[in-house]
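Before any comments, here is the structure.
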Amino acid sequence: MSFIIRGRVWKYGDNINTDIISPGQYMSYPVEKQAEHAMEAIDAEFAKKVQPGDLIVAGNNFGSGSSRETAQMVLKYHQIGAIVANSFARIFYRNSINVGLPVVEMLDTSVIDEGDEIEINLFEGKIINHTKGEEYNGTKLPEHLIEMVKVGGLEPYLAKKLGIS
Amino acid sequence: MGMTMSEKILAKASGNASVKAGEIVWVKVDIALMHDLLGPWLVDGGFRRLGGKLFDSEKVVVVSDHCTPPATVQQADILKFTRDWARNHDLPYYYEFEGPCHQVIVEHGHVRPGRLILGTDSHTCMAGGLGAFATGIGSTEMIGVLLTGETWLKVPETIKVVWDGKLPEGVYAKDIVLNTIKELGHAGATYQTIEFSGSAIKELSMDERLVLSNMAVEAGAKTGLIEPDETVVEYLRSKGVTDDIELFASDEDAVYSRLLHFDASKLEPQVACPHEVDNVHPVSVVEGKSVDQVYLGSCTNGRINDLRIAAEILKGRKIAKNVRCLVVPASQHVWMQANKEGILTILAEAGCIVNMPSCGACGGFTSGVIGAGEVVMSSSNRNFRGRMGSSEGEVYLASPATVVATAIEGKIADPRKYLKREVMH
């Protein structure tokens, strides 16, 4: 995982829950099929137009609801670089770190607009908005998770811990 | 300084004499729970890459419930994978076609006061109704748990939610929890434990307590806990548990992040409106709204107590012509008990369709999903856009009584007018 992430913003509001990100009715299908329906309940264009490296910026309580990691799977399938939100639901936040999908909390994401080009420094918690020429403070990664993020998520972290190459 | 119930359980699980909210601790897991949709078929690759050896097969419980009975070939494939995986790993505890995993692990005695239970489903918190610390994790995290039996947890702060007083007739645990979520907001308890207490909670049966803990996650909580007491002991004994059961409580000087006080005697039937669980109003506000489908069931409200209430209201009555009412008992045990008591016949005679126990249409998986423009009144736990099928549909949530009163009228209805006698709960 890179610690500096730069990309174009897809902007959403509050409570983007896991049923929106990964609708239950498609969860038994292969990930590429699930990914076609990501976000479709609120944005039919997302799955068609999202580009590798794009970022999602949202309001409060991103990822609320289910523990389904298919939510991370479809966002990773679309190669979303990172998610910035005012706040995250607990299980979603944890799952994202475990699978190496960067998540950053920022007090007020309303200053960022759809289409802005932003750059995130994960370890410093800094966010630069290149479109607007502004800089914001996000939260730094919790210290006990830095090692896990550095190696790319829980699976490689465990491999190292268990001495499996 | 005293400890909360959460702190006590996590102290024990981490091998410490005491822990405090905010600390990060490594904990040993008592039960690792997986279901078919977020279990073996997702964890198997990583699990095998990391050695593929279970830390303790006695502590791994797998329940196939989301894809049962399979409605598609994909679901059938997942179900087969799950069944084969359980067999290949010699799991002593594999269940299928028995009902939603949260109810199954309670009925089969896997849930005990003081245990630490992690499951690949957000409603794993239901086990907190018996005083276990139980929370949802993702499939990747489960790989680590399966291999090592451990993971890290941040000790949560606790919000104490006190409900005192006697619930009026026609008002139930579901109304308590919906009203609590309304007050807290759908992210109001994020990262925290909700501890339900007070005289109204103490009065609740095991079936009703599980409604509260089940829905704690709908306020964002890590888990929902209720102090275990004789009700829990009696319940576990009735399920054949003979081991010692250790009861415990939060210390009197335990520190809470927040204290909320409610008067149960003033509560009215509540309804959560689309598309968030905290969009809650008294039933009078939404009375008369037409519905297409009624769903009585799920791990939230498909237990025998719920079906008895439904039968009490529906006995000798008919559901409205323009509505279909699906009943999904929370487990095979519940189905059999309801059958023995004649409840299934009463429901069928009223015009309900009784399905087999499973997660069914609650999560939009099988047996009764809704189409565009359709409206459901459901006793389940989540009403997000697209949750029960089409993203153009609408889901309302309420107690079993409100749900079946709605079935009678074909419109959202107040159940109290249908309750002539005192209902046991």
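FYI, it's all coordinate maths here, none of it is from the lab. Note that this is a predicted model, so its numbers are computed, not measured. Neighbour counts run over all protein chains shown; Cβ positions are idealised from the backbone, glycine included.
Observations, loosely collected:
- Only Cα sites of segment B:83-175 enter the Debye sum here, all with the same form factor; the resulting log10 I(q)/I(0) across q = 0.19, 0.23, 0.25 1/Å is -1.10, -1.43, -1.52, listed in q order.
- Values of log10 I(q)/I(0) for chain A across q = 0.09, 0.18, 0.20, 0.21 Å⁻¹ run -0.28, -1.12, -1.36, -1.47, by the Debye formula with one identical scatterer at each alpha carbon and no solvent.
- Legend: ranking of residues B:Glu169, B:Glu58 from fewest to most surrounding C-beta atoms inside 10 Å; resulting order B:Glu58, B:Glu169.
- DSSP beta bridges confined to chain B are antiparallel in about 20 percent of cases.
- Where a label projected 7 Å from the Cα of B:Ala76 along Cα→Cβ would reach, residues of segment B:349-382 with amide N under 17 Å: B:366-367
- Highest-fluctuation residue, B:Val177, B:Val73, B:Val211 considered, GNM on chain B with Cα pairs under 10 Å: B:Val73
- Among B:Gly220, B:Gly297, B:Gly144, the largest mean-square fluctuation in a Gaussian network model of chain B, built with springs joining Cα atoms closer than 10 Å, belongs to B:Gly144.
- Beta bridges per DSSP with both ends in segment B:271-418, % antiparallel, nearest 5: 20 percent
- Values of log10 I(q)/I(0) for segment B:271-418 across q = 0.10, 0.15, 0.17 Å⁻¹ run -0.28, -0.64, -0.84, by the Debye formula with one identical scatterer at each alpha carbon and no solvent.
- Unsatisfied cross-links (Cα-Cα over 19 Å) in the set A:Lys161/B:Lys12; A:Lys11/A:Lys49; A:Lys161/B:Lys53; A:Lys11/A:Lys48: A:Lys161/B:Lys12
- Cut-off 15 Å between beta-carbons: net charge of the residues surrounding B:Val27, Lys and Arg +1, Asp and Glu -1: +3
- Cα gyration tensor shape of chain B, rounded if a/c is under 1.5, else prolate or oblate by comparing a/b with b/c: oblate
- Within 10 Å of each Cβ in B:131-142, the average number of Cβ atoms from other chains: 6
- Under the combined filter of DSSP loop state and at most 12 neighbouring Cβ atoms within 10 Å, segment B:317-425 retains these GluC sites (Glu not before Pro): B:Glu422.
- Principal axes of the protein assembly as shown: Cα extent on each, largest first, Å: 67, 52, 48
- Ranking of B:Met126, B:Met206 by count of other Cβ atoms within 10 Å, fewest first: B:Met206, B:Met126
- The protein assembly as shown - share of DSSP beta bridges that are antiparallel (%, nearest 5): 30 percent
- Relative exposure of B:Ser205, B:Ser139, judged by other C-beta atoms within 10 Å (fewest first): B:Ser205, B:Ser139
- Top of B:Ser331, B:Ser265, B:Ser399 by mean-square fluctuation, Gaussian network on chain B, Cα under 10 Å: B:Ser265
- Cross-link reach list, lysines versus B:Lys160, counting only Cα pairs under 17 Å and skipping chain neighbours closer than eight places: B:Lys8, B:Lys20, B:Lys182, B:Lys202, B:Lys222
- Tally of Lys pairs whose C-alpha atoms are under 21 Å apart, taken over segment B:271-418, 8 or more apart or cross-chain: 11
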